[in-house]
Amino acid sequence: MAYPLQLGFQDATSPIMEELLHFHDHTLMIMFLISTLVLYIISLMLSTKLTHTSTMDAQEVETVWTVLPAIILILIALPSLRILYMMDEVNNPLLTVKTMGHQWYWSYEYTDYEDLNFDSYMVPTPDLKPGELRLLEVDNRVVLPMEMSIRMLISSEDVLHSWTVPSLGLKTDAIPGRLNQTTLTSSRPGLYYGQCSEICGSNHSFMPIVLELVPLKHFEDWSTSML
């Protein structure tokens, strides 16, 4: 969960989000080194009156500033492509949950069970209990087992939505007439919050997502009580 005035990412809960955080730090360091070099060269140009005439037309300098950016782009592109392929990989999911976006709530269906489905609405501010988060709590949380590969099938019944949980590194568009899929795996139990991150209407910011990741035994007890 994010906290007030937070500047960085939320703590990673899934292996994919850990990879995204590493890639972010890797790219940020490259940008920092480039910015430092450019500022240093600019400061030299402004502070010195000497001009090295043989350097201004040097073929070697042109070769360096052509090859070096290409190498930097490769250093950014390779780990980026690796993470993209990891995010698209679906390895024998043990549970499938279908998510439908509506104006303005989410509905969930556990397709491996016969009659396990429910709607998830935001809890109005006057109905919040002590300790609950305003604009983020829902009346029915999505309970899932931790440390298991779970497939989310995401679509919409009316307009564009986007099913997003930052700490899990998930952001998948819900498009009417199209079924998108993503996988999630949680490395630890807990409550994980998200929101619709698509401008789907006047109340699009009132479509929170709450995932409750629990051990497998607790999930089985919950699913039995819901049937």
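When only alpha-carbon atoms count, how far does segment 59-171 stretch along each of its three principal axes, as whole angstroms with the largest first?
Result, largest extent first: 70, 37, 30 Å.
Identify the trypsin sites (Lys or Arg not before Pro) of segment 116-152 meeting these criteria: DSSP loop state and at most 15 other C-beta atoms within 10 Å of the C-beta.
Arg134
Can you tell me what share of the DSSP beta bridges in the chain is antiparallel? A percent to the nearest 5 is fine. List each step's numbers first, then the result.
Working: 29 of 41 bridges.
Counting DSSP beta bridges with both partners in the chain, the antiparallel share is about 70 percent.
In whole Hz, what ³J(HN,Hα) sequence does segment 136-142 give by Karplus (6.51, -1.76, 1.60; θ = phi - 60°), x for Gly and Pro?
For segment 136-142, the Karplus-derived couplings read 10, 7, 10, 6, 10, 7, 8 Hz, x marking Gly and Pro.
Would you mind computing the Rg to Rh ratio of the chain from its alpha-carbon coordinates, Kirkwood style for Rh?
Radius of gyration over Kirkwood radius for the chain works out to 1.15.
Val38 to Gln6: FRET efficiency via 1/(1 + (r/R0)^6), r the Cβ-Cβ distance, R0 41 Å, to the nearest 0.05?
After rounding, the FRET efficiency stands at 0.90.
What angle do you read, to the nearest 10 degrees and between 0 and 90, between the alpha-carbon axis of helix 59-88 and the longest principal axis of the chain?
Once rounded, one gets 10 degrees.
Of Met29, Met45, Met86, which is the most mobile in a GNM of the chain whose springs link Cα atoms less than 10 angstrom apart?
Highest fluctuation among the options: Met45.
Tell me, what % of the accessible area of segment 95-226 is carbon and sulfur with a 1.4 angstrom probe?
49 percent
Given a 1.4 Å probe and heavy atoms of the protein chains only, how would you sort Leu227, Leu144, Leu37, largest accessible area at the top?
Working: Leu227 115, Leu144 0, Leu37 95 Å².
In descending accessible area the options line up as Leu227, Leu37, Leu144.
Hey, could you pull the Cα Rg and Dmax for segment 155-209, both in Å?
In order Rg, Dmax, the Cα atoms of segment 155-209 give 11.9, 35 Å.
Tally the DSSP beta bridges in segment 95-226 and give the antiparallel ones as a percent, rounded to 5.
That works out to approximately 70 percent antiparallel.
When N counts the residues of segment 95-226, how does its alpha-carbon radius of gyration compare numerically with 2.2 N^0.38 Å, as a ratio?
Its radius of gyration relative to the 2.2 N^0.38 Å reference: 1.00.
Determine ³J(HN,Hα), in whole Hz, for all residues of segment 179-194 in sequence, where each value follows from phi through the Karplus function 6.51 cos²θ - 1.76 cosθ + 1.60 and θ = phi - 60°; x replaces Gly and Pro.
10, 9, 9, 8, 10, 9, 9, 9, 8, 8, x, x, 9, 10, 10, x
List the aspartates and glutamates whose Cα sits under 17 Å from the Cα of Lys171, skipping any in the same chain fewer than 8 residues away.
Straight-distance partners of Lys171: Asp11, Glu18, Glu19, Asp88, Glu89, Glu198.
Restrict the search to segment 106-151; then list the GluC sites (Glu not before Pro) that DSSP places in a loop and that have at most 10 other Cβ atoms within 10 Å of their Cβ.
Glu114
The values are calculated or read from the model by the stated rules, or taken from the named source; none is laboratory data. What you see is a predicted model; the values in this text were computed from it and never measured. Counting neighbours? That spans all protein chains shown, and the Cβs are built from the backbone with ideal geometry, glycine included. SASA here: full protein model, heavy atoms, side chains in, ligands and nucleic acids out. Shrake-Rupley method; radii C 1.70, N 1.55, O 1.52, S 1.80 Å.
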